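Worksheet: one structure, shown below.
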Amino acid sequence: MKILVLLSGGVDSTTALAKAIEKVGKENVIALSILYGQKHEREFTSSVHITKYYGVEHLYLDLARIFEYSDCTLLKHSDGEIPHESYDTQISKANGDPVSTYVPFRNGLFLSVSASIAISKGCDVIYYGAHSDDSCGNAYPDCSMEFTEYMNKAIYIGSGKQVRVEGPFVNINKKGIVKEGLRLHVPYHLTWSCYEGHTKACGKCGTCIDRKNAFLANGIEDPIEYEE
């Protein structure tokens, strides 16, 4: 078996990479990182360091032009400010709509592109790091179990039953991911999750808050540096 892992350079995807390596060995794992026009490339830089650490093949694509029509606050061309508040607060204000940092159908696009590459590279499975906190309150609808199941069916059929999609953490929260990553000795000091592109993580955006809390819930401090 060969596994293609969608690797952003953050906690979730890096833990998924470690699980794939544990399952099939690094020689049977390929990491794919995708640029989508985000305001900074810190995560991508982290993904380079992570793949060198593990010694796995690393591919990357730039799909920024596809998202140039979106006003998502994560994107370079957006004038919107990235919210400096918890996801719970953002969800309560969204009234059932996705949060402002949702990039339209990003995971759908990423998985579709990954399927093509997986077929070409002889991979049987695609891993992506969606987890249950992401889909809570419809914050990121392309991270839900239902979405994962339907994308798996579509890609399995569309690939001639050659490729499947798995979200190893789709029913696990961030705390559980970090717990699993600690067991796997994931190099979390190399990862980056913050939506801002500063020298240190801001500590105030939703993903920073979730990340810090996940480490604290496991009884340890996050190994990266924060502004606050």
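The values are calculated or read from the model by the stated rules, or taken from the named source; none is laboratory data. Since this is a predicted model, take the numbers as computed values, not measurements. Cβ sites come from the backbone with ideal geometry, for glycine too, and all protein chains shown count toward neighbours. Surface areas here come from the heavy atoms of the whole protein model, side chains and all, with no ligands, DNA or RNA. Shrake-Rupley method; radii C 1.70, N 1.55, O 1.52, S 1.80 Å.
In table form, for the structure just shown:
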read-out: Diffusion constant of the range 40-148 at 25 °C, which comes from Stokes-Einstein with the Kirkwood Cα-pair radius and 0.890 mPa s, µm²/s; value: 155 µm²/s
read-out: Span from the the range 75-140 Cα centroid across to the the range 157-187 one, whole angstrom; value: 15 Å
read-out: The range 67-126 - accessible surface per residue (Å², probe 1.4 Å); value: 50 Å²
read-out: Percent of Cα pairs exceeding the 33 Å cut-off, where the set is the chain; value: 10 percent
read-out: Carbon + sulfur, % of accessible area of the chain - ligands and nucleic acids excluded, 1.4 Å; value: 50 percent
read-out: Accessible area expressed per residue, the range 133-182, with surrounding protein chains retained (probe 1.4 Å, Å²); value: 51 Å²
read-out: Shape of the range 75-131, Cα gyration tensor, a/c cut at 1.5; value: prolate
read-out: Long-range HN-HN contacts of Arg164 with modeled amide H, under 5 Å; value: Val125, Ile126
read-out: For the range 151-219, diffusion coefficient by Stokes-Einstein and Kirkwood Rh (Cα), 25 °C, 0.890 mPa s, µm²/s; value: 171 µm²/s
read-out: Selection from Tyr188, Pro168, Gly158 lying farthest towards where the dipole of the range 110-228 points positive, charges on Cβ; value: Gly158
read-out: DSSP-assigned coil residues among GluC sites (Glu not before Pro) in the range 15-120, each with at most 12 further Cβ atoms within 10 Å; value: Glu68, Glu81
read-out: Nearest-20 debye value, the chain charge dipole, Cβ charges on Lys, Arg, Asp, Glu; value: 760 debye
read-out: In Hz, Karplus ³J(HN,Hα) per residue of the range 25-40 (6.51, -1.76, 1.60; θ = phi - 60°; x = Gly, Pro); value: x, 4, 5, 10, 10, 10, 9, 10, 10, 10, 7, 10, x, 5, 5, 8
read-out: The chain, relative contact order in percent, only Cα pairs under 8 angstrom and at least six apart counted; value: 23 percent
read-out: Net dipole in debye of the range 106-198 [+1 Lys, Arg Cβ; -1 Asp, Glu Cβ; about Cα centre; nearest 20]; value: 240 debye
read-out: Charged-residue dipole, Cβ positions (Lys, Arg, Asp, Glu), the range 57-101 about Cα centre, Debye nearest 20; value: 60 debye
